[in-house]
Amino acid sequence: FEYNIKVSRETNSINISAILDDEKATLTTDLSNKFSLNLGTNKINIVVTAENGDTSTYVLNIEREKNNDATLDSLTVSKGTLTPAFNKNTLNYTVNVENDVTSIEVSATATDSNATVTGIGTKELNTGNNLINIVVKSESGSENTYTINVIRAKSSNNYLSDLKVNGQTVIDFNKEKLEYTV
């Protein structure tokens, strides 16, 4: 009395027909209209009533496939450049930024509007390698993880911010001037 049927994601409605085994039985469920299908499982009951009043209920579990697209349509960073250039089928990227870049904004959009994207937003950066994982989960539950290795350069600052001799500040101190007479 129960049947499972799978249909493609593109199938958003179906027609159902049923033939009674006994011409004196009646079909209580109206099958004259199309049945609209939601994504996932749709349960349709077909009730048959015998001449003596006994009923049987046939259950159709119609599974409309959910989208399994777990790819990104876009992936961008606020500083630096993705290497290689973005491609929805490429999962690993590198971005090089200068030392003065202490955070980066990661933005991404899923190819399918029903997929979820996590791991985006503002990310604080340490000097060296910073791995950022962006996870795309499809409507059906499949996942892809895009990884960005943001490499923040080490500081090249080898200057003094001030210079004092016996507690006295050197007059006309300039961090780029390397020699003074005291």
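The values are calculated or read from the model by the stated rules, or taken from the named source; none is laboratory data. Nothing here was measured: the structure is a model prediction, and the numbers come from that model. Neighbour counts are summed over all protein chains in view; Cβ atoms, including those assigned to glycine, are modelled from backbone coordinates with ideal geometry. To get the accessible areas, we keep the full protein, side chains included, count just its heavy atoms, and leave off ligands, DNA and RNA. Shrake-Rupley method; radii C 1.70, N 1.55, O 1.52, S 1.80 Å.
Odds and ends about this structure:
- Here the chain carries DSSP beta bridges of which approximately 75% are antiparallel, counting only pairs with both residues inside.
- Proportion of all alpha-carbon pairs of the stretch 77-142 beyond 20 Å (%): 31 percent
- Remark: the chain is approximated by an ellipsoid whose semi-axes, taken from the C-alpha gyration tensor as √(5λ), come to 71, 14, 10 Å, largest first.
- Burial order of peptide ranges 27-33, 107-113, 166-172 (average beta-carbon count within 10 Å, highest first): 107-113, 27-33, 166-172
- Shape category assigned to the stretch 33-74 from the gyration tensor of Cα positions, a/c cut at 1.5: prolate
- Rounded Å value of the spacing that divides the Cα centres of the stretch 101-138 and the stretch 31-88: 28 Å
- Restricting the stretch 29-102 to GluC sites (Glu not before Pro) in coil, as DSSP defines it, with at most 13 other Cβ within 10 Å: E51, E98
- Most positive-pole-ward Cα, S138, N126, L60, against dipole of the stretch 38-150 from beta carbon charges: N126
- With DNA, RNA and ligands ignored, accessible area of K175 (1.4 Å probe; Å², nearest 10): 100 Å²
- Order of exposure, largest accessible area first, which applies to K177, K6 with probe 1.4 Å: K6, K177
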